[in-house]
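The values are calculated or read from the model by the stated rules, or taken from the named source; none is laboratory data. The shown structure was predicted, so the numbers you read here are calculated from the model rather than taken from an experiment. Here the Cβ is made from the backbone with ideal geometry for all residues, glycine too, and neighbour counts use every protein chain on show.
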Ligand code: ARG
Ligand code: ZN
């Protein structure tokens, strides 16, 4: 943390010098232009921004659940990818008090979830810059495009965080697109007795004057939809897998005794699940794992927050397997467009079936047979899996038709080719966004078969595919 701060200050110092010098002798440099206020997603064009790439978010959050008062500072370290006269960050329903770019106060406006910043000096393509945003307000219970709770969901005892797809902007200024991964550090201060849990590793915890501050660092580059600082009446327990991977679980004290026992039983299986999936998908991609189990169930879903999935209520075993599988499929190998959401959910569903096969309760074939038993007249088949539309992002087809498609692919190309595809897919670099076309190309390369018709029938047509 301290070393990070020193580094940030050093980068800041250099950036001021570098930006100041060439701007003074402009000559043949490109003319500074405003950065795009869109990250280019077809379904969520307002999310994300253009013209820069974030390296690191350092978030300092002071939160009081009883009043929902949030006072925060975000230090955003980024690199300009074009020469910018202004740029934007996504931030909703919170008010910026003060903002600097490279140490100099900058002009800013806040409209419709866009924080548009005009730095005093243009930002030159290729150079780093540092934005410090002091902001805050009263947090609420934000809803996504379908009316589901997401983002920073406030409760009397803390907050449940589930940003997917573009809810990170409900609690910090962010380039809210999965295409721009960054590392994170969090310093969170809450009333004594409340516990804050974030992604990654807990560095320290200390209490002064009735308030507890904890510091967390997430060193594995992460998409903003997977970032999290949950707060609540949590008890933290730590352990390690046989191979030494640190596990940190946070379980809500307010769960019933029955739910606590069920949660403990399921979470105890995480090490075995990690070992099992490693034999199928390759090495676990991050430096820690664990769960946040909250007693508030209004969100009604679980989310695969990087290294630390969050659950509304006591999770069942297949859900824990599902969120763990997302660490490979979604979190490490990340989509570039939200319409490819089935690449996350179809793979995680298939992983549930694999875990069920391992424990003797289910299997990929049974999952496939179940999906194929859905009548052709059902509306289930009307959602094209690889382009469901923003309203149907989390439709049943995204999960089950996606999972069944992977089994259809396996039956078509055979086990050897299928497992090579899965392992090579999981081994893709985390910083290169993926699409359905990439999976088609890989599957054809590995199998030596032409598979465009199979992909088209299963993933793009609004009706039931023929059995394979
Ligand atoms: N990705 C989550 C899962 O593992 C579901 C998230 C639902 N999010 C929402 N905004 N409705 O299934
Ligand atoms: Zn999922």
statement: Taking the stretch 319-343 and keeping residues within 13 Å of the chain's Cα centre (by Cα) and near ligand 2 (Cβ under 10 Å from one of its atoms) leaves 323, 326, 329, 330, 341
query: So residue 314 fits all but one of (1) buried (at least 21 other Cβ atoms within 10 Å of the Cβ); (2) over 30 Å from residue 433 (Cβ atoms); (3) touching a strand residue (DSSP E or B) at 6+ places or on another chain (Cβ under 6 Å); what number is the exception?
result: (3)
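Residue by residue, here is whether (1) touching a helix residue (DSSP H, G or I) at 6+ places or on another chain (Cβ under 7 Å); (2) part of a loop (DSSP other than H, G, I, E, B) holds:
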| site | (1), (2) |
| --- | --- |
| 178 | yes, yes |
| 206 | no, no |
| 213 | no, no |
| 239 | no, no |
| 247 | yes, no |
| 261 | no, no |
| 265 | no, no |
- prompt: What pairs can you find where one residue is in the stretch 313-324 and away from ligand 1 (no atom under 13 Å from the Cβ), the other is assigned to a loop (DSSP other than H, G, I, E, B), and their Cβ atoms are less than 6 Å apart, with a gap of 6+ or different chains?
  reply: 313/297
- request: Only residues in the stretch 328-339 that are under 15 Å from residue 44 (Cβ atoms) count as the first member; pair them with residues that are part of a helix (DSSP H, G or I) and at pLDDT 95 or above, Cβ under 8 angstrom, at least 6 apart or cross-chain, and list the lot.
  value: 335/343; 335/344; 338/390
Hits in the stretch 286-312 - residues which are within 16 Å of ligand 2 (Cβ to nearest atom) and not in a strand (DSSP E or B): 291, 299, 300, 301, 304, 305, 306, 307, 308, 309
message: Here is a list: 455, 380, 370, 405. Which entry is surrounded by 19 or more Cβ atoms within 10 Å (Cβ to Cβ) and away from ligand 2 (no atom under 16 Å from the Cβ)?
response: 455
query: Hey, among 369, 362, which residue is within 22 Å of residue 455 (Cα to Cα), more than 15 Å from ligand 1 (Cβ to nearest atom) and either touching a helix residue (DSSP H, G or I) at 6+ places or on another chain (Cβ under 7 Å) or in a helix (DSSP H, G or I) (or both)?
result: 369
query: Out of all the residues in the stretch 411-422, is one or more surrounded by fewer than 15 Cβ atoms within 10 Å (Cβ to Cβ) and closer than 25 Å to residue 179 by Cα?
result: no
query: Across the stretch 155-167, which residue is nearest to ligand 2 (Cβ to nearest atom) among those that are crowded, with 24+ Cβ neighbours inside 10 Å and assigned to a strand (DSSP E or B)?
result: 162
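Just give me the residues in the stretch 330-339 being within 20 Å of residue 391 (Cα to Cα) and within 13 Å of ligand 1 (Cβ to nearest atom), in sequence order.
The answer is 330, 335, 338.
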message: Please pick out the residue among 271, 221 that is closer than 14 Å to residue 307 by Cα, assigned to a strand (DSSP E or B) and at pLDDT 95 or above.
response: 221
- prompt: For residues in the stretch 73-91 being under 20 Å from residue 188 (Cα atoms) and surrounded by fewer than 23 Cβ atoms within 10 Å (Cβ to Cβ), which is farthest from the chain's Cα centre (by Cα)?
  reply: 73
